[in-house]
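Structure first, commentary second.
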Amino acid sequence: MSRIWAFGDDALGDHDAVGLVDALRAGQVSAAELVEAAIARAEAVNPRLNGLAYRAFDRARERARARTPYGGFFDGVPSFLKDNVAVAGMPTMEGTDAWDPRPEKLDGDFARTFLATGLVPLGKTQLSEFGFSAAAEHPRLGPVRNPWNPERTAGASSSGSGAFVAAGVVPIAHANDGGGSIRIPASCNGLVGLKPSRGRLPLDRQMRQMPIRIVANGVLTRSVRDTAAFYREAERVYRHPKLLPFGDVTGPARQRLRIAVCTRSIDRDSSPEVRDLTLKTATLLEELGHRVTHIENPPVPSTFGDDFLLYWALLSYALVRGGRRAFGPSFDRDKLDNLTLGLELHAARNLHRLPLAMARLSRARRITNRLAADHDVLLTPTLAQVTPRIGHLDPTADYQQIIDRLMDWVAFTPLQNVTGDPAISLPLAESSDGLPVGMMLSATLGQEARLLGLAYELEQARPWARIQDV
């Protein structure tokens, strides 16, 4: 199956976001030209990729033509926001049909920061229902497809953003991550995906109300420097006082690091192919002068997977039971998919286990801190298996089938959502059938700069494949 991409000889070219800023400042292109090129690309590939949740093309055109002085480093660069954050004038549908769309009256806390960087949103991108699944396969609208191979999933929940950035529609797009949803689509689509430290970027009110704040906002990009530049600019708008400053990370760090490598999750090993690719990445790190140590077992208790699933189910329980209050009188639970309803039922049957499960999850960071006493960075695969085909995580299938397959595939990413630590997926490997395979590097709270310095070094040592290079 042929790849789907939109790169061409237009204003966007094959520049990353920083490259477009340079072109804007040099007068080589205008914001209006960039927005028109991105709209044309979206219209060209969306019928096949299905990543668009809401189009705000006319609004983007007006903003680009007016050159309203929003300011911000990225002023004029086109982008998208994921359809689970509030943006004034746009509806927020969370990947579901369960209530009637209505435009938001105000920007949410995250959108205010995102827009202050100057990025111009063309609309919103698709996600799985409430972000619960690692594949977006809407029962009515159909699946979001992977531009590297449209028979495969684009990963989720930030699937539309991942597909559009990989296909060249825009160079950067919003994503957020409550169990891997920045890093999973980064791995599936050959992108850079940094889940930042807890509190690094603001959250909208609903996400702030979680008992354990597992969700983090971020972006998906094609280059390390775009990711670094976004967080640098976002920190000029919003800074968490208890975290180390993010700063301006512009290249590889000189420090050689102590890196632990683990290819096994709690009770699951990665597939033989993914394991071999991870070990090859470990060898590359050794060749670059880092001290690599192999560890057999992950630094988490055997209860972690079940505890995380129960907490994940609690979020569904709260959304389903409080649907009318949260989403209005048109909320209809009968329109929810089997995964959402199955999670809600799992929580209802196990509410008595929640206090102990949440107590254990709250202690998880102590365990990873002990690992950090002897290691600066942990390397694992981002996902335990290569990207599956469309239908593997069909949300209309039996709940137990969906959840078993999810737990098998998404076995590594939830840890940092619980601990709040940062983790980045880099497209350092390729499967035997030509699909990107992400490698994940994680560090302790506030150490994004360390991860980015290492990411720059790996990007230079092993430049990743580009979708437009056949």
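Things worth noting here:
- Which listed residue, of Ala116, Ala98, is in contact with a helix residue (DSSP H, G or I) (Cβ under 9 Å, 6 or more places away or on another chain), open to solvent by less than 10 Å² (accessible area, probe 1.4 Å) and either farther than 20 Å from Phe164 by Cβ or without any contact (Cβ under 8 Å) to a residue 24 or more places away in the chain (or both): Ala98
- Pairs where the first residue, in the stretch 346-358, is outside any helix (DSSP H, G or I) and modelled with pLDDT of 95 or more and the second is of a type outside the set (S, T, N, Q) and surrounded by fewer than 16 Cβ atoms within 10 Å (Cβ to Cβ), C-beta under 7 Å, 6+ apart: none
- Tally, over the stretch 48-62, of residues that are in contact with a strand residue (DSSP E or B) (Cβ under 7 Å, 6 or more places away or on another chain), assigned to a helix (DSSP H, G or I) and open to solvent by 40 Å² or more (accessible area, probe 1.4 Å): 1
- Restricted to the stretch 236-247, and to residues there that are in contact with an Asp or Glu (Cβ under 9 Å, 6 or more places away or on another chain) and open to solvent by 50 Å² or more (accessible area, probe 1.4 Å), the residue that is nearest to Ala116 (Cα to Cα) is Tyr238.
- Yes/no for Gly322 being without any contact (Cβ under 8 Å) to a residue 60 or more places away in the chain, open to solvent by less than 50 Å² (accessible area, probe 1.4 Å), more than 30 Å from Glu94 (Cα to Cα) and not polar (S, T, N, Q): no
- Beta carbons closer than 6 Å, at least 6 apart along the sequence or on distinct chains, pair a first residue in the stretch 408-420 that is among the polar types (S, T, N, Q) and at pLDDT 95 or above with a second that is crowded, with 24+ Cβ neighbours inside 10 Å and assigned to a helix (DSSP H, G or I) for Thr413/Arg183; Thr419/Ala364.
- Note on the stretch 13-47: among residues that are under 17 Å from Arg65 (Cβ atoms) and in a loop (DSSP other than H, G, I, E, B), the one that is most open to solvent (accessible area, probe 1.4 Å) is Gly27.
- Of all the criteria given as (1) farther than 30 Å from Met207 by Cα; (2) touching a strand residue (DSSP E or B) at 6+ places or on another chain (Cβ under 7 Å); (3) at pLDDT below 95, the one not satisfied by Arg65 is (2).
- The stretch 34-63 residues that are among the acidic types (Asp, Glu), paired with ones that are open to solvent by 30 Å² or more (accessible area, probe 1.4 Å) and not in a strand (DSSP E or B) (beta carbon under 8 Å, 6 or more apart): Glu36/Arg61
- Checking Asp394, Asp334, Asp374, Asp404 one by one, the residue that is of a type in the set (D, E, K, R), farther than 20 Å from Ala423 by Cα and part of a loop (DSSP other than H, G, I, E, B) is Asp394 and no other.
- Some residue of the stretch 261-270 being at positive phi and surrounded by fewer than 15 Cβ atoms within 10 Å (Cβ to Cβ): no
The values are calculated or read from the model by the stated rules, or taken from the named source; none is laboratory data. Please read these numbers as outputs of a predicted model, since none were measured by experiment. All Cβ positions, even for glycine, are placed from backbone atoms using ideal geometry, and neighbour counts span all protein chains on display. Protein only, heavy atoms only, side chains kept; ligands, DNA and RNA dropped before computing areas. Shrake-Rupley method; radii C 1.70, N 1.55, O 1.52, S 1.80 Å.
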